[in-house]
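The numbers here are math on the coordinates, done by the rules we state, and not lab data. Keep in mind that what you see is a predicted model, and the values were worked out from it rather than measured. Neighbour counts are summed over all protein chains in view; Cβ atoms, including those assigned to glycine, are modelled from backbone coordinates with ideal geometry.
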Amino acid sequence: MTGAKQNRQGDATRARLVKTAERLFAADGVDAVSLRAVNAAAGLGPSSVHYHFGTKDDLLAAVLLDMGAGVRDRIRVNVDELAAAPERPGVESLIRAVTDPYRDLLLRHRTRGMRWMKIVMQIAPQGHPALDATEQDLRDRLLEQVRRAFPDTDAARLESRWAIALMGFIQALGRADDWAPGSSGPSGPSVEWLVDFYEDQVAFLIGGVDRLLGR
């Protein structure tokens, strides 16, 4: 077997494990799913995850990156645009710089995007180290723009309340398919309902951030 063919097979196996883990983590919970369960559901040997990824946290990081790298990169572009502007960002432009990439993910990949949101929803409150794989230095860059938007707000209060506000958005979006009418079908919530739900969450977030940080 040539090296190129081995690499292709290895890539295919890793992709299979990532998609299997994504499905199980979203449905059953990250903590409840064992590596043995992932291997078995993927139809692979009992040491496959260990061979291709190492640890469960490494597999989780790969799952987060598979769908989340694009979200992270889009947010980074938006934040860099805010940073380059001479005027300080308004609260709506700040919020949409962060939230629009989540909406775009769900509109492009409703099933897998919703699974990804459910996984992020589970681990974000814990500050799980696997999140570092998707965030890199984005958190600090974003906080710089939050401080520009609210220069008179106490720094400690600003960071904690900003985190609380974003956590509420993530938790709500991660449960969108639980609340949507008729969302038990294979396609999940309709595009129209999902956009309306997203806009409601953004409006709520804008008002909440302005109230929490603008006083």
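Values as computed for the structure displayed
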{"read-out": "Residue (of 124, 156, 43) at the positive-pole extreme of the chain, dipole from beta-carbon charges", "value": "43"}
{"read-out": "Three-way shape call for segment 1-54 based on the alpha-carbon gyration tensor, with the a/c threshold at 1.5", "value": "prolate"}
{"read-out": "Segment 103-178 versus segment 19-47: alpha-carbon centroid distance in Å", "value": "25"}
{"read-out": "GNM result for the chain, Cα springs below 10 Å: residue of 105, 44, 59 fluctuating most strongly", "value": "44"}
{"read-out": "Rounded FRET efficiency, nearest 0.05, which uses the C-beta distance separating residue 108 from residue 88 and R0 of 30 Å", "value": "0.45"}
{"read-out": "Over the chain: helical MRE at 222 nm, DSSP H runs n ≥ 4 each giving -39500 (n - 2.57), nearest 500", "value": "-24500 deg cm²/dmol"}
{"read-out": "Separation in nanometres of the label points that stand 7 Å from Cα toward Cβ, at residue 100 and residue 157", "value": "3.0"}
{"read-out": "Neighbourhood charge, 13 Å Cβ-Cβ cut-off, centred on residue 112 and excluding it, Lys, Arg +1 and Asp, Glu -1", "value": "+3"}
{"read-out": "Residue 147/residue 195 FRET efficiency (R0 22 Å; Cβ-Cβ; nearest 0.05)", "value": "0.10"}
{"read-out": "Distance between modelled label sites at residue 36 and residue 81, nm, 7 Å Cα→Cβ extension", "value": "5.0"}
